[in-house]
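**Student:** My questions will all concern the structure given below.
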Amino acid sequence: MNQTSNYYNQHAQAFFENTYQVEMESLYAPFLRYLPEQALILDLGCGSGRDTLAFKKKGYQVEAIDYSAELVEKARELTGIEVRQQSFYELNEVAKYDGIWACASLLHCERDRLTEVLARIFKALKPNGVCYMSFKYGDTDREKEGRSFTDLNEKQAYDLLKQIDQALLLQQWITVDKRPDRTEEWINVIWKKQSHAFDYYPQRLYSRAELMKEPSLIPAEHGIYFWWFKTNPPGIPIKNCITYQEYTLLYVGISPDKKAKPNSKSNLRIRLKTHFAGNAEGSTLRRTLGILLAEMSGYPLRRVGSGNRMTFTHSGEQWLDAWLEDNAYVSWIICEEPWNVEEKVFEQTILPLNLKGNQHEFKETLSAMHKKAIQNAKMMEIATEAGLQRQVKLQHVAG
């Protein structure tokens, strides 16, 4: 660390001139979207002070530290704030910052001390605070021009954060160096300090009626969504399920899936509308609920159209729409890589309506019910729906 600091002290002017005007807006945006207005940000390893100044101009409160005495002076002159000469090994604040920005700084931390430093960052963040960090992309430890580098790849970043209890990976992506004369790749990582094991409890719940209106209240963003039920479907075991007021959390889903194509247009708005107003062919959740409620509704799963699709017919899907309107509510969390959040949720709670990730013994029962409903549908004639359409106006059904 001292060798690296000496390098920056000796080359402070050249480093400053090479970095302070680099355009970084495309990296600021994914970080700032998670922060409240007038958030307090720590620029951890601020270098020239470029990012400190950018955050300050955007109206955020900013503190900054760097281990190089010469760069501290440069950053003070550029930003007009009292930049502290301090190492990330010396970070001792407790629950102080809404966000910590560690751009191209932790790459100078020894690999065997990264967990220690991340634990310090975690401690310094407020509950639900967010950290951005970037490393040169790779998997080696190396020295170059008198500086020590710890490179990181996606798996190493994921494994590193797994060691910090209640640290939640929100997003990671690869970019090319922003400096025009460089072609190196960087890994960018955003993670969150969860306020407890997982913050399931929503600020508010949304009904079907609210979410089917235009303009839509559902964000056209990637994320994870949570289904809360006022009346539980018959036969569902709810022991140890999470409850919120009079509602029980029974299902979570994500959009897009991890296996989705990179250019997938799937998002929370599309997926939730499919669940609320689609059919059993396009929504596993609707199929599950329709199967569980078939005795009450009188609409079993049927083959429709040419016989290759299975739904509850227009009338049955309309009945299910009404049941959802009376009994189902949703909340969501926006995050770029929702499968990471989903994994945490599956580890920590019981979700009896989920077929994927369900740790409950009810999964076998539910899978068997799906299989039986499909077999029965194949034995019945194809349902005739010629001239029939889903009704716009809903008739509410009793829970």
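**Student:** So which residues in the range 32-53 are within 22 Å of Glu336 (Cβ to Cβ) and surrounded by fewer than 24 Cβ atoms within 10 Å (Cβ to Cβ), if there are any at all?
**Tutor:** Hits for the range 32-53 are Leu32, Arg33, Tyr34, Leu35, Pro36, Glu37, Ala39.
**Student:** Tell me, please, whether a residue that is out of contact with any strand residue (DSSP E or B) (no Cβ under 9 Å at 6 or more places or on another chain), exposed (fewer than 15 other Cβ atoms within 10 Å of the Cβ) and among the charged types (D, E, K, R) can be found in the range 301-314.
**Tutor:** No.
**Student:** Filter the range 117-157 down to the residues that are touching a strand residue (DSSP E or B) at 6+ places or on another chain (Cβ under 6 Å) and of a type in the set (Ser, Thr, Tyr), then identify the one that is surrounded by the fewest Cβ atoms within 10 Å (Cβ to Cβ).
**Tutor:** Top of the filtered list is Tyr137.
**Student:** Is the range 221-237 home to any residue that is at pLDDT below 95, over 13 Å from Thr349 (Cα atoms), of a type outside the set (A, V, I, L, M, F, W, C) and assigned to a strand (DSSP E or B)?
**Tutor:** So far as the range 221-237 goes, yes, one or more of its residues are at pLDDT below 95, over 13 Å from Thr349 (Cα atoms), of a type outside the set (A, V, I, L, M, F, W, C) and assigned to a strand (DSSP E or B).
**Student:** While we're looking at this one, here's another question. Look at Gln10 and say whether it is at pLDDT below 95, touching a strand residue (DSSP E or B) at 6+ places or on another chain (Cβ under 9 Å), in the same structural domain as Phe88 (by TED's automatic domain parsing) and over 14 Å from Tyr132 (Cα atoms).
**Tutor:** no
**Student:** Tell me which helices (runs of 4 or more DSSP H) are completely within the range 1-95 and hold 3 or more residues being among the charged types (D, E, K, R), or say none if there are none. Even if it seems obvious, please write down each step before you answer.
**Tutor:** Numbers: elements: 2-10, 12-19, 25-32, 50-57, 69-79.
Ranges flagged: 50-57, 69-79.
**Student:** Take the residues of the range 281-304 that are among the β-branched types (Val, Ile, Thr) and within 36 Å of the chain's Cα centre (by Cα): which is farthest from Asn354 (Cα to Cα)?
**Tutor:** Applying the filter and picking the extreme gives Ile291.
The values are calculated or read from the model by the stated rules, or taken from the named source; none is laboratory data. Model, not experiment: these values are computed from the prediction. No Cβ is skipped: glycine too gets one built from the backbone with ideal geometry, and neighbour counts run over all protein chains shown.
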